[in-house]
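Please read the structure below before turning to the comments.
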Amino acid sequence: MFCIFAEPNFTFAANAAEPPKPNVVVIFCDDLGYGDLGCFGHPTIRTPNLDRMAAEGMKLTQFYSASPVCTPSRAALMTGRLPARNGMCSNKRRVLFPNSGGGIPANEVTFAEALKDVGYATACVGKWHLGHLPQFLPTNNGFDTYFGIPYSNDMDRLNDVGPRGRAAFWDPKVEYWNVPLMRDLEIIERPADQNTITKRYTDEAVKFIKSHQDGPFFVYLAHSMMHVPLFRSREFADTSLRGLYGDAMEEIDWSVGQVLDTLRETGLADNTLVWFCSDNGPWLVFDTHGGSAGLLREGKGTTWEGGMREPTLAWWPEHIPAGSVSMELGSTMDIYTTSLKLAGADVPTDRVVDGVDLSPVLVGNGPSPRKAVFYYRGYQLMAVRMGPWKAHFVTHGSYGSEPRQAKKHDPPILYHLDHDPSEKYPIQNEHPDVIDKIKKLVLEHQSQMQPAPSQLEIPLGKTK
Ligand code: MG
């Protein structure tokens, strides 16, 4: 008898004590290097707002994107799944282009769809790059609103305008790239005025937050910067010691300050989890217009650390210990799973989800459930990190640099990343036991990998 009454009372008490669902903001940069923030050691780029975000929150030093290039990386963030599982990668075309007919498959459960199911208002602002045809755009994939350039800001190049080749990037002008700016499903400006793009993305995000203060909300603010061609507003022109790259980065920093200040001023800070990360490493062949991976090897396009380890911050005052540093493993796919769990949303169980719940890391600086990182280039598994060990089975040069051919390694090249984050000193000969364990992990991983057909190889007009 006692139990019958006790159980409902207990349930009621638990519900009454349940904290409100946290708002979620994901600020995602493009081609930002591991070494490009003040709080990650850059000597001449000033990032006071990001530094403050780190001081009030958590810096994650061993955090990875799921791909060294844009489209697959973003697909993984949006679905919590490796790009090979949903076909958002290719061995022939690295990303989606304006002449692509593919995009994010309808059967994927996007970040926004999952949160919308539990009552979140959802906004996508910025670069999407998961398909530009109507069915693939944000507002048909769980977002209430969209404002942004739907793919990379260097696409739709008008070859008869401005200097040819790389020269156009050294002194970029808006009219060289005929990229569209969209609101929901409509093109509202073309070419998009990229000089003011960071500022306008910021204004959109701030407006959305202010008009959804009753929450819960999800804002995905995916900056077009720091991808070349680099642009910044007039206020930031020629202000950074680091030149044009620094100007653009310092405007991103300003933008982060605007978002966090809005959360502070509206009293939403303690109930909003903000992530800051990037889709892949710096585009090194663009000289000073590309970022810096700091002490990490190489950059965008490779599975060396510089291509996929990202400067990552998490901010949630009163929940994440201020000034904490986590050296635990994490992935952008974990941003999906962690945010969904905290929101009380369902993480799909009818398919493999690669993201894990990092809440123990965030709220207690505890151990990460993530024990491995799988580094893919297209559909090819190139390298595996298991704890501190990383084995390269295949290597390939950075995007646009040499060597252009993949090189296989047997035995794989082994590094201890905690001791040797720059991947300088191979130690495979000393640790055959570690290589055996990693090979077992690969077999286990591959037994659960069913690659989906590539969306990136579908030409425009051939969309299924
Ligand atoms: Mg990118």
**Output for the range 35-60, where each listed residue is hydrophobic (A, V, I, L, M, F, W, C) and either at pLDDT below 95 or surrounded by fewer than 21 Cβ atoms within 10 Å (Cβ to Cβ) (or both)** = Cys39, Ala55
**Any hit, the range 234-242, residues being closer than 19 Å to Tyr34 by Cβ, out of contact with any Lys or Arg (no Cβ under 7 Å at 6 or more places or on another chain) and within 16 Å of the ligand (Cβ to nearest atom)** = no
**Message:** Quick check on the range 330-360: of everything there that is outside any loop (DSSP other than H, G, I, E, B) and among the aliphatic types (A, V, I, L, M), which residue is nearest to Lys371 (Cα to Cα)?
**Reply:** Met333
**Message:** Suppose we filter Ser211, Ser240 for residues that are modelled with pLDDT of 95 or more, in contact with a Gly (Cβ under 6 Å, 6 or more places away or on another chain), polar (S, T, N, Q) and farther than 28 Å from Pro83 by Cα; which single one remains?
**Reply:** Ser240
**Message:** Return the residues of the range 171-184 that are surrounded by 16 or more Cβ atoms within 10 Å (Cβ to Cβ) and either more than 16 Å from the ligand (Cβ to nearest atom) or not assigned by TED's automatic domain parsing to the domain that holds Ala123 (or both); say none if nothing qualifies.
**Reply:** Pro172, Val174, Tyr176, Pro180, Leu181, Met182, Asp184
**Message:** Looking at the range 21-34 only, could you name the residues that are within 16 Å of the ligand (Cβ to nearest atom) and open to solvent by less than 10 Å² (accessible area, probe 1.4 Å)?
**Reply:** Val26, Ile27, Phe28, Cys29, Asp30, Asp31, Leu32, Gly33
**Request:** Kindly check whether there is at least one residue in the range 293-310 that is within 16 Å of the ligand (Cβ to nearest atom) and hydroxyl-bearing (Ser, Thr, Tyr).
**Result:** yes
**Request:** For the range 217-230, indicate whether the set of residues that are open to solvent by 30 Å² or more (accessible area, probe 1.4 Å) and either away from the ligand (no atom under 16 Å from the Cβ) or touching a Lys or Arg at 6+ places or on another chain (Cβ under 9 Å) (or both) is non-empty.
**Result:** no
**Item:** Criterion violated by Gly299 - all others in (1) within 19 Å of Val356 (Cβ to Cβ); (2) open to solvent by less than 20 Å² (accessible area, probe 1.4 Å); (3) under 18 Å from the mean Cα position of the chain (by Cα) satisfied
**Value:** (1)
**Prompt:** Which strands (runs of 3 or more DSSP E) sit wholly inside the range 101-204 and have at least 2 residues that are within 26 Å of Thr332 (Cβ to Cβ) and either touching a helix residue (DSSP H, G or I) at 6+ places or on another chain (Cβ under 9 Å) or at pLDDT 95 or above (or both)?
**Reply:** 121-126, 145-148, 181-183
**Message:** Cβ-Cβ distance below 9 Å, separation of 6 or more or different chains: which pairs start in the range 380-395 with a residue that is farther than 24 Å from Ser90 by Cβ and end on one that is at pLDDT below 95 and open to solvent by less than 10 Å² (accessible area, probe 1.4 Å)?
**Reply:** none
**Request:** Report yes if Thr71 is open to solvent by less than 10 Å² (accessible area, probe 1.4 Å), within 14 Å of the ligand (Cβ to nearest atom) and among the β-branched types (Val, Ile, Thr), otherwise no.
**Result:** yes
**Asked** Which one of these is in contact with a Ser or Thr (Cβ under 9 Å, 6 or more places away or on another chain), away from the ligand (no atom under 16 Å from the Cβ) and without any contact (Cβ under 8 Å) to a residue 40 or more places away in the chain: Thr202, Thr196?
**Response** Thr196
**Request:** Please name all residue pairs, on different chains or six or more residues apart, with Cβ atoms under 6 Å, provided the first residue is in the range 49-74 and is farther than 29 Å from Asp154 by Cα and the second residue is within 16 Å of the ligand (Cβ to nearest atom).
**Result:** Leu60/Thr312
**Message:** Condition first: within 16 Å of the ligand (Cβ to nearest atom) and either without any contact (Cβ under 8 Å) to a residue 60 or more places away in the chain or open to solvent by 10 Å² or more (accessible area, probe 1.4 Å) (or both). Now tell me which residues in the range 259-283 satisfy that.
**Reply:** Trp283
**Request:** Output the number of residues of the range 82-98 satisfying the condition of being away from the ligand (no atom under 13 Å from the Cβ) and either more than 19 Å from Gly301 (Cα to Cα) or open to solvent by less than 10 Å² (accessible area, probe 1.4 Å) (or both).
**Result:** 10
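The values are calculated or read from the model by the stated rules, or taken from the named source; none is laboratory data. All of these numbers come straight from a predicted model, not from anything done at the bench. Glycine also receives a Cβ, built like all others from the backbone with ideal geometry; neighbour counts cover every protein chain displayed. Ligands, DNA and RNA are excluded from the accessible area calculation, which covers all protein heavy atoms including side chains. Shrake-Rupley method; radii C 1.70, N 1.55, O 1.52, S 1.80 Å.
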